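Peer 1: Sending over a structure as C-alpha cells; questions will come in a sec.
Quick note: the coordinates plus some simple rules give every number you see, no bench work behind them. Just so it is clear, the model here is predicted, and its values are computed rather than measured. Heads up, the Cβs are rebuilt from the backbone with ideal geometry, glycines too, and the neighbour counts pull from every protein chain shown.
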Amino acid sequence: MSATPKLKDWQQRRGTIIGITTKELGAPRIVDRSAFQAELDALLVREKAHTREGDAIAAARGRLPMVEIDATTILIGPRGPVTLLDAFEGRRQLIAYYFM
Amino acid sequence: MTTQTMHGTENRAMKTPPIVSPQEWEAARQQLLVKEKELTRARDAMAAQRRRMPWMAIDKKYEFDGPRGKATLLDLFEGRRQLIVYRAFFEPGVFGWPDHACHGCSLGADQVSHLSHLNARDTTLAWASRAPQADIARLKARMGWEMPWYTMTDSFDADFGVDQWHGHNAFIRDGDKVFRTYFINSRGDEAMGTTWSYLDMTALGRQETGEDSPEGYPQTPPYKWWNWHDNYEAETTIHPMWLDILTDPAGAAIRRREADAKACGCE
C-alpha cells in the first residue's frame, strides 16, 4: 500500500493549488509601476474609510450599556477552582473566549 | 481633582454607560451587531476588490541575505505561489538598536499567527529589515519569533514603499516571474497577523468557495482545508472520523448521536 496516492487525493480535496498558471487565472492585467500605484491610491480611499468605520464601531461598543453578572461563578483553572472575578487577574477588564 | 488610574475603581471622571437588564443589553447588542456584520461584509468586498487589482511586473533582481546566505526575491517564496513581505525596522539608527526592533514592529511580530495555515494556502510570510543576519538571529531567539526574516541589501525598501515606514507587500509568481499584487501600510498594518488578514491581502484571497473572486481562481470549501498546525504534514494519517466531521459536520453529529444511543441501549 503506497501513501503517495492518498496524500495526493487529500491535497486535491483541500485544494492545494500548486501548478496553476497565470493563464488559468484569467490572465490578470499586468501593469507598470505608475499604473499600479494609481490603482493602489484609488483603493486606498476605500481602505481608509473602512478603517474609520471600524473605529466608529469600536466607539459604539464602548457605549453599549452594561449588564451585571454573577462574579462568583466558578471556573476550573490550572490551580483549581477560581471565581470569574479571579479570572481578571486583578486587571480592570476581562475577555473570555469559549473554545470548542 | 480626579485621579487617573488605569486599574483603580475611583475613576470619577469616567462616565460609564448605564447598567441594564440582560434583555435590554441583548437588544442593544443585536442592534450593534447589524453594524458589525455590515463591516465584516464591507471588508470582504474590499478584499474582493484587492483581488481585482492589476499585477505589477518586477524586472529588477533583488538580493537579500538570509539564514542560509544570499537569496533572491524568488527564493523568498520558498517554492510557494504567493509571498507577503513585511518590512520591519531593525537596524542601526532605529530606537532600541541593537537589543530590540522598533516598538511597533515588535508588537506586530508578537501577533504573527502560526504560519502553517498560511503556508497550506501556498503562501509564505517573510520579514525584511536592514539589520545583518547575526543580529536578526539573536533578536528572534531573544523574543521567540520564528518567521523567516531577511536582510535587505539594495533598493527593495525604496522600490516598494517601505524605506521610511513599515508595510506589507504581497507578491505572486508565475513560474520564475514575480509580480507585486498589493500593499498595506500605516494603520492597515494594525490588523495584520491573523491567517485571514494575510490571505485577504493576497491576489488569490482565502481560496474558499463563496468568495467573490475572478473566474477560474482556486477555491475549496471552508473548513475542509483547515487542519491542526501539527497535522498538515501528516494528512495521510487523518482518521476517518475526523474526515467525516470535516466534510459533513451535521451528518457526523447525527451519526454520532445514533451510535451513542445504540451503545447505551437508550433507543
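Peer 1: Say the dipole of the range B:19-86 comes from +1 at the beta carbon of Lys and Arg and -1 at that of Asp and Glu; which of B:Q30, B:L74, B:Y86 then lies farthest toward its positive end?
Peer 2: B:L74
Peer 1: How do the peptides B:142-153, B:73-84 rank, highest first, by the average count of neighbouring beta carbon atoms within 10 Å per residue?
Peer 2: Working: B:142-153: 16.1, B:73-84: 19.6.
Sorting B:142-153, B:73-84 by mean packing, highest first, produces B:73-84, B:142-153.
Peer 1: For the protein assembly as shown, what proportion of DSSP beta bridges, expressed in % and rounded to the nearest 5, is antiparallel? Don't skip to the end; give the middle numbers.
Peer 2: Numbers: 26 of 41 bridges.
Once the DSSP bridges in the protein assembly as shown are tallied, antiparallel ones form about 65 percent.
Peer 1: Starting at the first residue of the range B:71-84, write each ³J(HN,Hα) from the Karplus equation 6.51 cos²θ - 1.76 cosθ + 1.60 with θ = phi - 60°, in whole Hz, x for Gly and Pro.
Peer 2: Here the 3J(HN,Hα) series is 9, 8, 4, 4, 4, 4, 5, 6, x, 7, 7, 10, 9, 10 Hz.
Peer 1: Please report the orientation-averaged projected area of chain B, defined via the convex hull of its C-alpha atoms, in nm².
Peer 2: Working: hull surface 91.2 nm².
The number I arrive at for chain B is 22.8 nm².
Peer 1: Out of every Cα pair in the range B:123-267, what percent are spaced more than 20 Å from each other?
Peer 2: On the way: 6929 of 10440 pairs.
Considering the range B:123-267, 66 percent of its Cα-Cα pairs are separated by more than 20 Å.
Peer 1: Restricting to bridges with both residues inside the range B:56-199, how much of the DSSP beta-bridge set is antiparallel, in percent to the nearest 5? Walk me through the intermediate numbers first.
Peer 2: Numbers: 22 of 32 bridges.
Roughly 70 percent of the beta bridges in the range B:56-199 run antiparallel, per DSSP.
Peer 1: Taking 1 over the mean of 1/r across every pair of different Cα atoms in the protein assembly as shown, what Kirkwood radius in Å do you get?
Peer 2: Numbers: mean 1/r = 0.0414 Å⁻¹.
For the protein assembly as shown, inverting the mean 1/r across all distinct Cα pairs yields 24.1 Å.
Peer 1: Straight distance only, please: which aspartates and glutamates reach the Cα of A:K48 with their own Cα at less than 14 Å, same-chain residues fewer than 8 apart left out?
Peer 2: Cα-Cα hits under 14 Å: B:D189, B:E190.
Peer 1: Do any of B:K37/B:K140; B:K37/B:K262; B:K37/B:K61; B:K35/B:K177; B:K60/B:K140; B:K37/B:K224 go past 32 Å between their Cα atoms, and which?
Peer 2: Details: B:K37/B:K140 38 Å; B:K37/B:K262 42 Å; B:K37/B:K61 43 Å; B:K35/B:K177 42 Å; B:K60/B:K140 29 Å; B:K37/B:K224 24 Å.
Beyond 32 Å: B:K37/B:K140; B:K37/B:K262; B:K37/B:K61; B:K35/B:K177.
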